[in-house]
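Here's the structure, in structure tokens; my notes come after.
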Amino acid sequence: MPMIDCPDGYEFSAERARLDPAWVHAALVEHAYWAVGRSRSTQDTAIDGSRNYGIYVSGSRRQVAYARVVTDGVTFGWLADVLVDPAHRGRGLGRALVTGIVADLDPAGLKRILLKASPEGRALYEKLGWAQVSEPDSWMERRRPSP
């Protein structure tokens, strides 16, 4: 696991066993517009199918940030569900989380990692070396119709 320079009082971890799935679900449905209405079962399945990351209060199991990457582990990854607890924002935790994720994935040599950034998050990602998708006109999506 990469050693990440976190702000004082916090630790980065890629250990799946350290995750608090109940906190992850509650934080996402309460604070992330894209996860409103997501069931706990759906979130647990997303966790099971992803590489998961967290920031924790040092020396404790108290999770204060989360993100996951859906990946084949060798060519492609999608960074998703990036969230810092509102009570802990403004301390550099988002930067530490994304830096830790990239450091963890670098040895795999992924050709591309994508994410969908909110307007608020875009500046942070750009500072960390992310850019708009090249050739966006060649990308396509298939969306499930709303019920």
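The values are calculated or read from the model by the stated rules, or taken from the named source; none is laboratory data. Since the model is a prediction, treat every value here as computed from it, not as a measurement. Positions of Cβ are generated from backbone atoms using ideal geometry, with glycine treated the same way; all protein chains shown enter the neighbour counts. Just the protein is used for accessible areas: all its heavy atoms, side chains included, with ligands, DNA and RNA removed. Shrake-Rupley method; radii C 1.70, N 1.55, O 1.52, S 1.80 Å.
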With every protein chain kept in place and a 1.4 Å probe, the chain has an accessible area per residue in Å² of 62 Å²
Length gained, Arg144-Arg38, 0.36 nm per residue minus C-alpha separation, equals 36.6 nm
Rounded to whole Å, √(5λ) for the Cα gyration tensor eigenvalues of the chain, largest first, gives 23, 20, 16
Once both label points are put 7 Å beyond Cα along the C-beta direction, the Phe76-Glu120 separation in nm becomes 3.0 nm
Quick calc of log₁₀ I(q)/I(0), the range 37-98, Debye, one scatterer on every Cα, no solvent, q values 0.22, 0.25, 0.26 1/Å, result -0.98, -1.11, -1.14
For the range 1-111, averaging the sequence separation of alpha carbon pairs under 8 Å that lie six or more residues apart and dividing by its residue count, the contact order in percent is 30 percent
Expressed in nanometres to one decimal, the distance between label points 7 Å along Cα→Cβ at Asp8 and Arg62 is 1.7 nm
Share of accessible surface on carbon and sulfur in the chain, whole %, 1.4 Å probe and ligands ignored, is 52 percent
Taking 32-44, 132-144, 65-77 and ranking on average Cβ neighbours within 10 Å, highest first, one gets 65-77, 32-44, 132-144
Check: C-alpha center the range 1-39 vs C-alpha center the range 77-94, spacing in Å is 8 Å
For the chain, whose charge dipole is built from +1 on Lys and Arg Cβ atoms and -1 on Asp and Glu Cβ atoms, the candidate among Ser138, Leu97, Val64 with its Cα farthest towards the positive end is Ser138
